[in-house]
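The values are calculated or read from the model by the stated rules, or taken from the named source; none is laboratory data. All of these numbers come straight from a predicted model, not from anything done at the bench. Every residue, glycine as well, gets a Cβ built from its backbone with ideal geometry; the counts of neighbours run over all protein chains shown. These area figures cover heavy atoms from the full protein model, side chains too; ligands, DNA and RNA do not enter into them. Shrake-Rupley method; radii C 1.70, N 1.55, O 1.52, S 1.80 Å.
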Amino acid sequence: QVRLVESGGGLVQPGGSLRLSCAASGFIFRLYTMRWYRQAPGKERELVATINSPSSSTSYEDSVKGRFTISRDNAKNMLYLQMMNLKPEDTAVYYCNVIGFNSWGQGTQVTVSS
């Protein structure tokens, strides 16, 4: 079955950086569009970034454009989210997701605070 395991979150000061990773299994990773979502306390889950297959074209939610970069390594079945210039409003649990499957991992907590 589809399995998604996120990692790389943590506590970081405003202006800092983090790199999130998502290990995917149970499907042919290179064939599928992948996404990062986040959910802040008391808010709905929101789409942050998308990377398409096979083009690897990307798109971003407006508030993270120019700060976040989504990428993938099809040889390793890995999805990444490089986050730079982090802001307190980026605090959330971050999840990866594969288009076409209703499967979610446990997420990884990102906290941006001084």
Legend entry - Distance from region 56-107 to region 1-28 (C-alpha centre basis), Å: 8 Å
Inset, instruction - Quick one: order 19, 67 from most to least accessible surface, probe 1.4 Å. - result: 19, 67
Inset, instruction - Quick one: among 70, 51, 99, which has the greatest mean-square fluctuation in a GNM of the chain with alpha-carbon springs under 10 angstrom? - result: 99
Legend entry - Percentage relative contact order, region 1-73, counting C-alpha pairs under 8 Å, at least six apart: 21 percent
Inset, instruction - Could you please state how large a percent of the accessible area of the chain is carbon and sulfur, counting protein chains only and using a 1.4 Å probe? - result: 48 percent
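What does the charge count near residue 54 come to, summing +1 for each Lys or Arg and -1 for each Asp or Glu among other residues with Cβ under 15 Å from its Cβ?
Values: positive: 30, 72; negative: 73.
Surrounding charge for residue 54 is +1.
Within 10 Å of each candidate Cβ there may be at most 13 other Cβ atoms; applying that plus a DSSP loop requirement, which GluC sites (Glu not before Pro) in region 27-114 survive? Spell out each step's value before the answer.
Numbers: sites: 44, 46, 61, 89; in loops: 44, 61.
Within region 27-114, the qualifying GluC sites (Glu not before Pro) (loop, at most 13 other Cβ atoms within 10 Å) are 44.
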Legend entry - Order of exposure, largest accessible area first, which applies to 78, 34 with probe 1.4 Å: 78, 34
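With every protein chain left in place, what is the accessible area per residue of the chain in square angstrom, probe 1.4 Å?
Details: 6020 Å² over 114 residues.
Result: 53 Å² per residue.
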